[in-house]
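The values are calculated or read from the model by the stated rules, or taken from the named source; none is laboratory data. Since this is a predicted model, take the numbers as computed values, not measurements. Please note: Cβ atoms are built from the backbone with ideal geometry, for glycine as well, and neighbour counts cover all protein chains shown.
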Amino acid sequence: MQFDYIIIGAGSAGNVLATRLTEDPQTTVLLLEAGGPDYRFDFRTQMPAALAFPLQGRRYNWAYETEPEPHMNNRRMECGRGKGLGGSSLINGMCYIRGNAMDLDNWASAPGLEHWSYLDCLPYYRKAETRDIGANDYHGGDGPVSVTTPKQGNNPLFHAMIEAGVQAGYPRTDDLNGYQQEGFGPMDRTVTPQGRRASTARGYLDQARARPNLTIRTHALTDRIIFAGKRAVGVEWLEGDSTAPSNATASKEVLLCAGAIASPQILQRSGVGSPELLRQFDIPLVHALPGVGENLQDHLEMYLQYECKEPVSLYPALQWWNQPKIGAEWLFGGTGIGASNQFEAGGFIRSREAFAWPNIQYHFLPVAINYNGSNAVKEHGFQCHVGSMRSPSRGHVRLKSRDPHEHPAILFNYMSSEQDWQEFRDAIRITREIMHQPALDNYRGREISPGAECQSDAELDEFVRNHAETAFHPCGTCKMGYDEMAVVDGGRSGSRAGRPARGRRLDYAADYYRQP
């Protein structure tokens with residue numbers, strides 16, 4: 001089989017590329033996805049309030065696990081990534097946050113990345129979205145991805161949380177993706193007006209599925225990219241339960257969009273990466289790029305949980321006898337509790353004046369429960385998700401074997417910098433100040449977690465070691481740039497160190513220069 005382009009990964013980037021490229025009827029595209037279809041009848045991926053379910057099990061989740069994290073009491077920590085058409089947009093929390101304008105301007109200050117400023121990227125943000133309350137200078141009105149805003153009549157805890165942030169001295173903002181991100185305000189969601197998850201499969205791929213110039217292969221696990229010299233000319237993959245490899249060639253480019261974990265793993269199996277690592281597995285070297293799999297970053301977060309004195313939390317929705325009614329209201333009307341991801345309020349603040357733009361992020365949830373749906377507190381409660389945004393800690397993704405079924409060795413090296421510890425101590429103490437503002441007096445009961453007895457630096461640090469979790473935002477393992485550890489250039493083409501590896505391109509969070 002021969003195509004103009006082969007795209008590896010039908011996720012948040014791959015589906016966009018497949019849809020845009022096949023707008024030209026003369027361009028042929030093969031889209032490979034290791035997972036299955038995005039079954040529209042499966043409430044686990046389509047109902048916003050069911051967001052915890054896809055993280056349970058392995059139908060939609062790669063369910064990666066880290067190596068023992070040395071600064072987190074050697075915990076092996078969860079690293080969920082999406083598997084199926086839509087990728088991680090099929091299982092994420094649906095919070096629509098672009099990052100701060102100064103994040104992008106900071107990228108653009110690096111040599112060769114001048115065209116990655118906020119003003120350069122804003123037209124593409126606008127092009128991608130249709131916001132339910134209409135277009136403006138910061139938002140689009142006719143893009144493929146539905147973006148919805150919280151509606152009147154939602155949970156009173158959301159409004160109390162925003163007011164508490166303002167009462168604590170932080171700004172109020174009406175749009176966390178608009179002119180002013182800093183402060184507390186309502187949070188946009190990638191949810192359709194009909195109350196369905198707006199994954200890239202729904203937003204982009206639905207437009208293109210029927211095009212004769214697009215071929216989609218699900219359950220197609222990519223083994224390696226095929227090179228002729230240093231040019232990527234094809235892909236080899238395993239389909240379904242078959243042990244016999246399938247392959248196809250690309251006359252123009254191979255587009256690697258498998259995410260921050262799988263993409264470096266595929267490159268390493270293909271002979272692109274650190275020569276020392278490849279020698280361990282007798283993989284012939286195609287191109288020496290020591291940065292492949294390095295520079296791994298993530299957002300780490302924790303929960304501060306409180307008892308709710310008023311019976312207004314979502315605790316009753318966790319009881320099985322209430323769920324049929326919630327499901328019916330969502331299924332037939334696209335409304336009610338099921339139609340929201342329940343992260344309807346959030347905030348961005350600076351923990352210290354030394355930070356030029358926000359370094360701490362908040363998500364507010366009107367129930368006390370783990371992100372993956374486990375360990376629900378058996379009473380009315382609410383919680384703040386809080387964590388730092390630009391940790392200096394760096395980790396890696398490295399092969400364990402040549403077997404494409406074996407997960408790689410993942411080490412985020414969480415909390416390896418003193419800055420991390422200071423930011424998390426500040427975050428806990430600032431959050432407590434916010435939670436004790438008058439706006440929450442009618443709702444706030446006892447502090448469930450970390451607990452009022454957890455006060456000293458040492459006690460806070462131990463709480464973080466034992467309880468902080470990933471926010472599921474890994475990035476940076478194929479970073480763009482022009483330094484010795486860069487993997488792609490500012491145009492996201494395969495490059496670096498002498499003659500470039502041509503004919504491949506990377507498009508996804510793996511090539512972020514720094515965590516936004």
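So, Tyr362, is that one more than 26 Å from the chain's Cα centre (by Cα) and part of a strand (DSSP E or B) or not?
On the way: more than 26 Å from the chain's Cα centre (by Cα): no; part of a strand (DSSP E or B): yes.
Judged against the criteria, Tyr362 is not a match.
So which of Glu65, Glu78, Glu69 is in contact (Cβ under 8 Å) with a residue 60 or more places away in the chain, in contact with a Ser or Thr (Cβ under 8 Å, 6 or more places away or on another chain) and more than 30 Å from Gln180 (Cβ to Cβ)? Spell out how you get there, then give the answer.
On the way: Glu65 fails: in contact with a Ser or Thr (Cβ under 8 Å, 6 or more places away or on another chain); Glu69 fails: in contact with a Ser or Thr (Cβ under 8 Å, 6 or more places away or on another chain).
Step by step, each of Glu65, Glu78, Glu69 is checked, and only Glu78 is in contact (Cβ under 8 Å) with a residue 60 or more places away in the chain, in contact with a Ser or Thr (Cβ under 8 Å, 6 or more places away or on another chain) and more than 30 Å from Gln180 (Cβ to Cβ).
With out of contact with any His (no Cβ under 9 Å at 6 or more places or on another chain), over 30 Å from Ala220 (Cβ atoms), acidic (Asp, Glu) and not assigned by TED's automatic domain parsing to the domain that holds Pro156 as the only criterion, which of Asp457, Asp483, Asp489, Asp461 stands out? Walk me through it before giving the result.
Numbers: Asp457 fails: not assigned by TED's automatic domain parsing to the domain that holds Pro156; Asp489 fails: over 30 Å from Ala220 (Cβ atoms); Asp461 fails: not assigned by TED's automatic domain parsing to the domain that holds Pro156.
Checking each option against the conditions leaves just Asp483.
Looking across the stretch 373-431 at every residue that is under 23 Å from Arg224 (Cβ atoms) and in contact with a helix residue (DSSP H, G or I) (Cβ under 7 Å, 6 or more places away or on another chain), the one that is surrounded by the most Cβ atoms within 10 Å (Cβ to Cβ) is identified as Val397.
Scanning the stretch 408-453 for residues that are under 28 Å from His71 (Cα atoms) and among the hydroxyl-bearing types (Ser, Thr, Tyr) yields Tyr414, Ser416, Ser417, Thr431, Ser449.
Somewhere in the stretch 49-58, is a residue more than 21 Å from Arg189 (Cα to Cα) and either in contact with a helix residue (DSSP H, G or I) (Cβ under 7 Å, 6 or more places away or on another chain) or polar (S, T, N, Q) (or both)? Within the stretch 49-58, one or more residues are more than 21 Å from Arg189 (Cα to Cα) and either in contact with a helix residue (DSSP H, G or I) (Cβ under 7 Å, 6 or more places away or on another chain) or polar (S, T, N, Q) (or both).
In this structure, Ala63 does satisfy being at positive phi and modelled with pLDDT of 95 or more.
Selection of the stretch 1-55 for residues being among the small types (Gly, Ala, Ser), buried (at least 24 other Cβ atoms within 10 Å of the Cβ) and in a helix (DSSP H, G or I) yields Gly14, Ala18. Do you know which residues across the stretch 368-384 are part of a loop (DSSP other than H, G, I, E, B) and at pLDDT 95 or above? Across the stretch 368-384, the qualifying residue is only His380. Filtering Arg402, Arg390, Arg352 for residues that are of a type in the set (Lys, Arg), within 20 Å of Thr470 (Cα to Cα) and either in a helix (DSSP H, G or I) or touching a residue at least 24 places away in the same chain (Cβ under 8 Å) (or both) leaves a single hit, Arg390.
The set of residues from the stretch 73-92 being farther than 15 Å from Phe53 by Cβ and hydrophobic (A, V, I, L, M, F, W, C) comprises Met77, Cys79, Leu85.
Here are the criteria: (1) of a type in the set (Phe, Trp, Tyr); (2) part of a loop (DSSP other than H, G, I, E, B); (3) at pLDDT 95 or above. Tell me which single one Tyr482 does not satisfy. Every condition holds for Tyr482 apart from (3).
Taken over the stretch 1-30, the criterion of being touching a Phe, Trp or Tyr at 6+ places or on another chain (Cβ under 9 Å) and among the hydrophobic types (A, V, I, L, M, F, W, C) is satisfied by Ile8, Ala13, Val16, Leu17, Ala18, Leu21, Val29, Leu30. Return a yes/no flag: does the stretch 164-171 have any residue that is in a loop (DSSP other than H, G, I, E, B) and crowded, with 17+ Cβ neighbours inside 10 Å. Yes, there is a match, as at least one residue in the stretch 164-171 is in a loop (DSSP other than H, G, I, E, B) and crowded, with 17+ Cβ neighbours inside 10 Å. A single member of Val166, Val235, Val254 is within 28 Å of Gly93 (Cβ to Cβ) and not hydroxyl-bearing (Ser, Thr, Tyr), and it is Val166.
Which strands (runs of 3 or more DSSP E) sit wholly inside the stretch 202-288 and have at least 1 residues that are in contact with a helix residue (DSSP H, G or I) (Cβ under 8 Å, 6 or more places away or on another chain) and surrounded by fewer than 23 Cβ atoms within 10 Å (Cβ to Cβ)? Outline the logic, then answer.
On the way: elements: 214-217, 220-228, 231-239, 246-256.
Filter on the stretch 202-288 gives 214-217, 220-228.
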